[in-house]
């Protein structure tokens, strides 16, 4: 019968990933709020960066990554920032995620020391807003990102879940 799906098949349920963007984000030194009861709160200003891939552009200053660092549990990350495309369109990004590593590696990350990226689980779910109709596809999909901490900031590879 046409249009009938085998109820035991996962063919239409298995997502694929399409790489769409790389973000190379530069940050300032952290502003340490201190121990809040839930963990160590810190704010890290986003100062600059590049966007490449399906969209090319640059990260605008004025954003920040709001982190809740905990030794025994994943660090919670909430980054809010914007970028401007090479054609002049602006895109707002709100990126929530976690970063987890064994306690010793996690302390090194917090202190800005180099760590092996293979020792760190760093994933996030960016959401995008834009007024540009040509970029509206950003608002109609789910995205995931993988990240690597760098001495100057962070690198993210962003994938659209197809």
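Per-structure values
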| read-out | value |
| --- | --- |
| Taking segment 53-94 and dividing mean pair separation by its residue count, relative contact order in percent (alpha carbons under 8 Å, at least six apart) | 38 percent |
| Potential lengthening between residue 66 and residue 118 on full extension [0.36 nm per residue; Cα-Cα distance subtracted] | 16.4 nm |
| Prolate/oblate/rounded call for segment 14-79, Cα gyration tensor, a/c under 1.5 rounded | oblate |
| Relative contact order for the chain, counting Cα pairs under 8 Å that sit 6 or more residues apart, in percent | 21 percent |
| Proportion of all alpha-carbon pairs of segment 79-162 beyond 14 Å (%) | 67 percent |
| Label zone at residue 134, where the point sits 7 Å out along the Cα-to-Cβ direction: segment 90-106 residues whose backbone N lies under 16 Å | 90-91 |
| Label of the coordinate-derived value, P(r) over Cα pairs in 5 Å bins from 0, in percent, listed as (1) 2, 10, 19, 23, 20, 13, 7, 4, 1, 0; (2) 2, 8, 16, 20, 17, 13, 9, 7, 4, 2, 1, 1, 0; (3) 1, 9, 12, 11, 9, 8, 7, 6, 5, 4, 4, 3, 3, 3, 3, 2, 2, 2, 2, 1, 1, 1, 0, 0, 0 | (2) |
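Rule-based calculations on the coordinates, nothing more; no lab input. These numbers come from a predicted model, not from an experiment. Virtual Cβ from ideal backbone geometry, glycine too; neighbours counted across all protein chains shown.
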